[in-house]
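What follows draws every value from the coordinates through simple rules; no lab data is involved. A quick note: this is a predicted structure, and the numbers were derived from the prediction, not measured. Glycine also receives a Cβ, built like all others from the backbone with ideal geometry; neighbour counts cover every protein chain displayed.
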Amino acid sequence: MSTTAISISQLLTAAGLMLGVAACSPAAASAPSLYDSPGGRLFLRHCAACHGARGEGGAGPLLNAAGHAHHHTDGELATAVTDGIARPGAPVAMPAWGNTLSPQEVRQVLEFVKGLWTEEQRQFQQALSAQR
Ligand code: HEC
């Protein structure tokens, strides 16, 4: 066996070990848990296509901490999701989910969205919802 062959097989072994380590690393293990809730699963299924898997936006606006969704009260957010938003001239409309999601599911998916915000934004939005 030449030294080259040995080093290639060693490289392959090392690569395999690295892949195994990556698959078990805390980062890889915790990533799916973001969606490991009823709201997270609903968001992935119904919302991520337009709003991005982490609310980073796309055809629909950002819903994460970089957006302004936390400036809406619980009531306003629930109405937007349940009834949709039809803005004349908008290239893509926010669909109405009231026939697809139960009121409880709307709350669950909005809980997931709030999880994308900072703690300060959550407190701000909670105070806003209590005021109005
Ligand atoms: C077909 C694309 C599409 C899908 C799917 C979609 N949305 Fe939207 N959504 C939009 C668009 C476009 C807007 C902006 C509407 C406007 O203001 O004109 C929007 C707006 C919103 C807003 C208001 C945001 C703000 O800051 O004013 C919320 C909240 C929201 N969507 C939540 C959801 C949730 C939750 C789901 C899944 C149940 C969902 N959306 C699915 C396209 C989509």
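Rounded to the nearest 0.05, what FRET efficiency is calculated for LEU34 and THR79 with R0 set to 25 Å and r the Cβ-Cβ distance? All intermediate terms of the calculation are to be shown ahead of the outcome.
Details: r = 26 Å, r/R0 = 1.03.
Computed FRET efficiency for LEU34 and THR79 comes out at 0.45.
Each label was represented as a point 7 Å from its Cα along the Cα-to-Cβ direction; for ARG45 and LEU128 these points are 2.9 nm apart.
I'd like to compare 115-121, 75-81: which one has the highest average count of other Cβ atoms within 10 Å, and what's the full order after that?
Values: 115-121: 15.0, 75-81: 17.0.
The peptides rank, most packed first, as 75-81, 115-121.
Please label the shape of the range 33-131 as rounded, prolate or oblate, based on the square roots a ≥ b ≥ c of the eigenvalues of the alpha-carbon gyration tensor (a/c under 1.5 means rounded; beyond that, a/b larger than b/c means prolate, else oblate). It is rounded, given that a/c, with a ≥ b ≥ c, falls under 1.5.
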